[in-house]
2 protein chains.
Amino acid sequence: MDIITLSHGSGGKSTHDLIKKIFYKYFHNEILLQQGDSGIVDKLNGKIAITTDSYVIKPLFFQGGDIGKLSICGTVNDLAVSGARPLYISVGFIIEEGMKISELERIVESMAKTAESCNVKIVTGDSKVVERGKGDKLYINTAGVGIVENSFDISGRSINEGDKIIVNGTLGDHGITILCEREELNFKTQIESDCNALYPLVQDILSVTKKVKFMRDITRGGLATILNEIIKERKLGVVLKENSIPVNDEVNVVCEMLGFNPLFIANEGKLVVVVSKEEAHDVLRIMRSNPLGKNAAIIGEVIQDNAEKVYLNTKIHGTRILGMLEDDLIPRIC
Amino acid sequence: MDIITLSHGSGGKSTHDLIKKIFYKYFHNEILLQQGDSGIVDKLNGKIAITTDSYVIKPLFFQGGDIGKLSICGTVNDLAVSGARPLYISVGFIIEEGMKISELERIVESMAKTAESCNVKIVTGDSKVVERGKGDKLYINTAGVGIVENSFDISGRSINEGDKIIVNGTLGDHGITILCEREELNFKTQIESDCNALYPLVQDILSVTKKVKFMRDITRGGLATILNEIIKERKLGVVLKENSIPVNDEVNVVCEMLGFNPLFIANEGKLVVVVSKEEAHDVLRIMRSNPLGKNAAIIGEVIQDNAEKVYLNTKIHGTRILGMLEDDLIPRIC
């Protein structure tokens, strides 16, 4: 058996072989190996966070990661920025007939390795096979369950004038990596995806303050879209200083060539955190002491603004308004 | 806006419009409307069951249901047969560019209606868009979280000689419905999918006995595949009486015409339960008193058998061995 056939999706013998030889080979913990229709886990002594994401990224393998690593990190990050400790992951594979089993195996191995490094357990799963031309090798869904360790209003409704906007490092690395690796472009660069699990950094932030006003990982839509979301219907605005926003030189070059703005590009290891100005420097300091935040920066602040806009003070002393992302710059980025 | 474009997957303005106008229109509860990266739910006072399934069924709409109803029922059933009360659902959509938004809306409405009827809340979600020819209109993943109310060994390791095999009704309805509705076949029948949420029936069963030895909803692979799984490496066998197995007449006709066996066909509202012979009749009685089990029947029993086979005593007094499903009879059945 070296390619996926429709029989692997039948629920019969081939499905069981695939589960044993590929999935159980790498995902093995006492919960998954109960082999029931559900994974049964111990009682959690607190509120519970539940999240999900499907991953349709193309190509499956890229500088800095692959769809497997991404599918664990992305879901772990969604739990982490909600103040939860990531614990359990469910995995659903939608595989296109004809996919090489060796490629699937590399991805499953990467998921297992990433899950281990994040201290999360893959407790239940599912795989389906679709006919050739009805998929694109592999789509993965993961759902995550975590225990809420730190409660803050995840809606961002406590944001006020004067609050500071902090990011943990350079923006745009993931999106531009994927763009450059697409067959149609194939730019050669040193850029790699920032794909990473951010829970340790979030823990550091929450060790300094329990009064985080908003935290989110900066994925599709980019930072500009998130900032637009949180000020909407709040009579608030945001002023960003372009000079303060960390962006890799190569990312800047590619963005300038193609007319992109890193503030609209997806990341997979970056977060934005909003805190009061009193706490901003302590938060920045601890972020910078963590390798995941070594290039952290305060990049702007919240203002009162009836127009509810995000303003960018540019390097050449102009001001630009940044709306939400309008079109899909780079489809299937995650 | 009447068809899905790649922009709906950008994470920007079109994505937000889609979320507001379609997803939040039907899925609205206080948890989802926190609009965070995770849904935060209250502490659960017991063990937790987690499950997931992706749904790639074709066609999206069929007699007795649609992919939306299926995606809720299927996941609710996986929790129910694990002894858990289904509580929370996550939803991930993978949408093909060009899908009619009106079709998506019908499906989302169906999910919301089904979730309400099952008393489960859709607490978090995600949507991705893939290019034309990289999907097939719509794939849905749901993950489910429930609280374990009844602990039994879900692995089936407590099954013994003499135990009785019970099903809650006619086998094969779902699979044969889907087969008949495929464009390539287009048989006209009265058959409809049994797609249904089984939690109320499971509650009835568990009100009679806490010593259920095994329970599973009978989906891909059919009953025969499940029974093969549970006797494997146990020195046990199963003897089924074909005369006792409930099958709709029309399903029988289609199966005979095409050379299929209903024991290998997928269902979406059927379960198999294994109990001791002492408890079998009480369990059967309560199952029959529930509309979801009105055609329930004891269809066979567990025997000692070094060969570890499933035997079918046929209507014509022969014996057939039923292995696991070998090939995919009907791809994309769920």
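Data overview
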| item | result |
| --- | --- |
| Meets criteria (in contact with a His (Cβ under 6 Å, 6 or more places away or on another chain) and not assigned by TED's automatic domain parsing to the domain that holds B:Leu236) for B:Val120 | no |
| Selection from the range B:30-60 of residues that are more than 7 Å from every other protein chain (Cβ to nearest Cβ), over 25 Å from the mean Cα position of the chain (by Cα) and either hydroxyl-bearing (Ser, Thr, Tyr) or closer than 19 Å to A:Lys213 by Cα (or both) | B:Ile31, B:Leu33 |
| Residues that are away from every other protein chain (no Cβ under 14 Å) and among the basic types (Lys, Arg), drawn from the range A:276-334 | A:Lys277, A:Arg285, A:Arg288, A:Lys294, A:Lys309, A:Lys315, A:Arg320 |
| Subset of the range A:99-126 [assigned to a strand (DSSP E or B) and under 18 Å from A:Leu33 (Cα atoms)] | A:Lys121, A:Ile122, A:Val123, A:Thr124, A:Gly125, A:Asp126 |
| Residue among B:Leu227, B:Leu206 that alone is closer than 18 Å to B:Thr170 by Cβ and either assigned by TED's automatic domain parsing to the domain that holds B:Val273 or assigned to a helix (DSSP H, G or I) (or both) | B:Leu227 |
| Test for A:Ser71: is it facing another protein chain (nearest Cβ under 9 Å), closer than 18 Å to A:Val145 by Cα and of a type in the set (Ser, Thr, Tyr) | no |
| Qualifying residue in the range B:88-98 (condition: more than 9 Å from chain A (Cβ to nearest Cβ), surrounded by fewer than 24 Cβ atoms within 10 Å (Cβ to Cβ), outside any strand (DSSP E or B) and at positive phi) | yes |
| Out of A:Ile140, A:Ile122, A:Ile176, sole residue that is out of contact with any Gly (no Cβ under 8 Å at 6 or more places or on another chain), closer than 18 Å to A:Arg220 by Cα and of a type in the set (A, V, I, L, M, F, W, C) | A:Ile176 |
| Single unsatisfied condition, B:Asn168 versus (1) in the same structural domain as B:Val253 (by TED's automatic domain parsing); (2) surrounded by fewer than 24 Cβ atoms within 10 Å (Cβ to Cβ) | (2) |
| In the range B:130-154, residue nearest to A:Thr52 (Cα to Cα) [restricted to those that are in a strand (DSSP E or B) and in contact with a Pro (Cβ under 7 Å, 6 or more places away or on another chain)] | B:Gly144 |
| Where a residue in the range B:1-27 is under 17 Å from A:Ile226 (Cβ atoms) and without any contact (Cβ under 8 Å) to a residue 24 or more places away in the chain and its partner, wherever it lies, is in a helix (DSSP H, G or I) and among the small types (Gly, Ala, Ser), with Cβ under 6 Å and at least six apart | B:Ser14/B:Ser7 |
| Any hit, the range B:180-187, residues being within 14 Å of another protein chain (Cβ to nearest Cβ), under 17 Å from B:Leu79 (Cβ atoms) and not in a strand (DSSP E or B) | no |
| Selection from the range A:113-156 of residues that are surrounded by fewer than 18 Cβ atoms within 10 Å (Cβ to Cβ) and either away from every other protein chain (no Cβ under 14 Å) or without any contact (Cβ under 8 Å) to a residue 60 or more places away in the chain (or both) | A:Lys113, A:Glu116, A:Ser117, A:Asn119, A:Arg132, A:Gly133, A:Ser155 |
| The one condition in (1) acidic (Asp, Glu); (2) under 20 Å from A:Gly74 (Cα atoms); (3) out of contact with any Asp or Glu (no Cβ under 7 Å at 6 or more places or on another chain) that A:Asp153 fails to fulfil | (2) |
| Among (1) buried (at least 17 other Cβ atoms within 10 Å of the Cβ); (2) under 22 Å from B:Gly9 (Cβ atoms); (3) modelled with pLDDT of 95 or more, the one test that A:Ile330 misses | (3) |
| Selection status of B:Gly221, surrounded by 21 or more Cβ atoms within 10 Å (Cβ to Cβ) and more than 26 Å from A:Phe93 (Cβ to Cβ) | no |
| From B:Glu242, B:Glu268, B:Glu256, residue being more than 14 Å from chain A (Cβ to nearest Cβ), acidic (Asp, Glu) and touching a residue at least 24 places away in the same chain (Cβ under 8 Å) | B:Glu242 |
| Failed condition for A:Leu271, given (1) under 17 Å from A:Asp163 (Cα atoms); (2) in contact with a strand residue (DSSP E or B) (Cβ under 8 Å, 6 or more places away or on another chain); (3) surrounded by fewer than 21 Cβ atoms within 10 Å (Cβ to Cβ) | (3) |
| Selection within the range A:229-256 - within 20 Å of B:Asp126 (Cα to Cα) and in contact with a helix residue (DSSP H, G or I) (Cβ under 9 Å, 6 or more places away or on another chain) | A:Glu229 |
| Residue selected from the range B:1-21 under the condition within 31 Å of the chain's Cα centre (by Cα) and surrounded by 21 or more Cβ atoms within 10 Å (Cβ to Cβ), by the criterion nearest to B:Met99 (Cα to Cα) | B:Ile4 |
| Within the range A:7-29, tally of residues that are at the interface with chain B (Cβ under 8 Å from one of its Cβ atoms) and among the basic types (Lys, Arg) | 1 |
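The values are calculated or read from the model by the stated rules, or taken from the named source; none is laboratory data. What you are looking at is a predicted structure, and each value in this text was computed from that prediction instead of being measured. When we count neighbours, we look across all protein chains shown, and the Cβ atoms used for this are built from the backbone with ideal geometry, even at glycine.
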